[in-house]
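To start, the structure itself, in structure tokens.
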Amino acid sequence: MFSNLAEKLQNTMRRLRGKGKLTEKDVDLALREIRLALLEADVNFKVVKDFVGGIRERAVGEEVRKSLTPGQQVVKIVHDELAALMGREQSKLRLAGSPAVVMLVGLQGSGKTTTAVKLAVNLSRGGRRPLLAAADTYRPGAAEQLKVLSETAAVPCYAQEGAKPVQICREAVRLAAREGYDPVILDTAGRLHIDDAMMEELKEIKRQLKPAELLLVTDAMTGQDAVNAASSFHETLGLTGVVLTKLDGDTRGGAALSVRAVTGCPIKFAGVGEKIDALEPFHPERMASRILGMGDLLTLIEKAEAGLDEQKARELEQKLRRQEFTFEDFREQLQQFRQLGSMEEIMAMLPAAQVPKDLRRLKVDEKQFKRIDAVITSMTPEERNNPALINRSRRLRIAGGSGTTVQDVNRLLTQFSQMQKLFKQMGAMEKKGFKGMGKKKGGFPFL
Ligand SMILES: Nc1nc2c(ncn2[C@@H]2O[C@H](COP(=O)(O)OP(=O)(O)OP(=O)(O)O)[C@@H](O)[C@H]2O)c(=O)[nH]1
Ligand SMILES: [Mg+2]
């Protein structure tokens, strides 16, 4: 996410942190670097001007002059202002009404349909019973697309052939009121450009359905175009918030950093992938931390917890205590870990200072994971439970079966036995009363 911008800002911050004393020249240089980095990331130029101005004012003020660590203090200010730029506090969905209506609007291909389903998944996990409404009657196959996705997500979907969008929305709300669905999420049609006909229709849906949330779904990859779209939609419709999609892609960050400041609309969610669970609530503070390389452990932990089966976590803890951790458990852990995202995404959420440079640069070979999985699959259940059985001829067989080499198999076996040793030590330490060791609630002990 925003790797170019992040790298530039992190370099500047590193230099600032290292300074015992800050001269005016140091501050000027840092501000110039920040300004350039933001402009290159396609942040709105006026936003950049105000942002840099705000930092300068604070950087030459008392809080820095009186600080014992002025460099650190400036870094803190940059973090603070970056979070403020994106809205500071997380802006949550407000689901008033029974049922509450969430209306999604946006240009063609911005991700409305996908976001509608992701949102439904997110809300179902939070204990709600959402209903999707297929209000795009223009693009052939649009209703079908929503239906297919909603089935994958096991969320009900209302569609009606031949009806007008407003009518479909009203029917969906009626159905929801009758069957106890809440909220109703309206997936409206996109257009290539903003045109009057579309706006009129959306206005009419808004007037009749009185959505509690009217969210613009906009593609972060399009940079300032996304921000301009937000401005136009907001002027005409009065948005309650924005969903930025495709933040997982190669976006420079301009949209995320300007949309709030330009339109005044909060970013409520970020789309971070094509899968139906790739939606994150947008936390300005955490995003600022991620960009500045301070990591975002909170999101990582939340993701881990969301994907973690409590029962399994407890079982695993027991196994670790009894030192019965097997390859079977290892594979399960690996799969859970993989659900958190790609290795690069996970690395980006760890504080830069704690991840050795080499590791951070390392492009972790995704194939490596597949290889490990293949090796474990080629073992017999007995071997998985008791790796000591795996002698030379078995190693040859496993390598052949998994399309890997004996070296690959050996490496995995060595790593695994090192891990077991580590767990043993942790268990021993715990017995000796080292509080907190081995108490990780079924986390990812192989890390
Ligand atoms: N990588 C990535 N792809 C996304 C994300 N959100 C949506 N997409 C992809 O973007 C494409 C368009 O998504 P849709 O949900 O169909 O967009 P839409 O706004 O409903 O499009 P129209 O109905 O044609 O206006 C699809 O291929 C999605 O998989 C995201 O957060 N990350
Ligand atoms: Mg669509």
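The values are calculated or read from the model by the stated rules, or taken from the named source; none is laboratory data. Not measured: the values here are computed from a predicted model. Because the Cβ atoms are built from the backbone with ideal geometry, glycine has one as well, and the counts that use them run over all protein chains shown.
Checking each residue in segment 132-153 for being within 9 Å of ligand 1 (Cβ to nearest atom) and among the hydroxyl-bearing types (Ser, Thr, Tyr) picks out only 138. Of the listed requirements (1) within 36 Å of the chain's Cα centre (by Cα); (2) of a type in the set (Ser, Thr, Tyr); (3) surrounded by 12 or more Cβ atoms within 10 Å (Cβ to Cβ), residue 380 misses just one: (1). Can you tell me which residue among 164, 147, 203, 210 is of a type in the set (Lys, Arg) and either touching a residue at least 60 places away in the same chain (Cβ under 8 Å) or within 30 Å of residue 43 (Cβ to Cβ) (or both)? Only one candidate qualifies: 210.
Quick one: in segment 356-378, of everything that is in contact with a helix residue (DSSP H, G or I) (Cβ under 6 Å, 6 or more places away or on another chain) and assigned to a loop (DSSP other than H, G, I, E, B), which residue is modelled with the lowest pLDDT? Ranking the qualifying residues of segment 356-378, first place goes to 364. Considering segment 383-407, the residues that are of a type in the set (D, E, K, R) and farther than 15 Å from residue 330 by Cβ include one that is farthest from the chain's Cα centre (by Cα), namely 392. Where helices (runs of 4 or more DSSP H) sit wholly within segment 12-90, those with at least 3 residues that are of a type outside the set (Phe, Trp, Tyr) and at pLDDT 90 or above occupy 24-40, 45-59, 70-85.
Checked against (1) assigned to a helix (DSSP H, G or I); (2) among the hydroxyl-bearing types (Ser, Thr, Tyr); (3) under 27 Å from residue 121 (Cβ atoms), residue 231 passes all but a single condition, namely (3).
The residues listed here are 163, 172; of these, the one that is assigned to a loop (DSSP other than H, G, I, E, B) and either surrounded by 21 or more Cβ atoms within 10 Å (Cβ to Cβ) or assigned by TED's automatic domain parsing to the domain that holds residue 230 (or both) is 163.
Could you tell me which residue of segment 135-158 is surrounded by the fewest Cβ atoms within 10 Å (Cβ to Cβ), considering only residues that are part of a loop (DSSP other than H, G, I, E, B) and touching a Pro at 6+ places or on another chain (Cβ under 7 Å)?
If we filter segment 135-158 for residues that are part of a loop (DSSP other than H, G, I, E, B), which is where we start, we get 136-141, 154-156.
Checking the rest, the ones that are also touching a Pro at 6+ places or on another chain (Cβ under 7 Å) come to 137, 155.
Numbers: 137: 19, 155: 23.
Ranking the qualifying residues of segment 135-158, first place goes to 137.
Scanning segment 234-254 for residues that are farther than 18 Å from residue 193 by Cα and assigned to a helix (DSSP H, G or I) turns up just one, 254.
Kindly indicate which of 127, 109 is farther than 12 Å from residue 279 by Cβ, more than 13 Å from ligand 2 (Cβ to nearest atom) and either of a type in the set (D, E, K, R) or not in a helix (DSSP H, G or I) (or both). Show your work before the answer.
Working: 109 fails: more than 13 Å from ligand 2 (Cβ to nearest atom).
None of the others qualify; the one that does is 127.
Selection within segment 175-200: residues that are among the acidic types (Asp, Glu) and surrounded by fewer than 20 Cβ atoms within 10 Å (Cβ to Cβ). The member of this set that is farthest from ligand 2 (Cβ to nearest atom) is 179.
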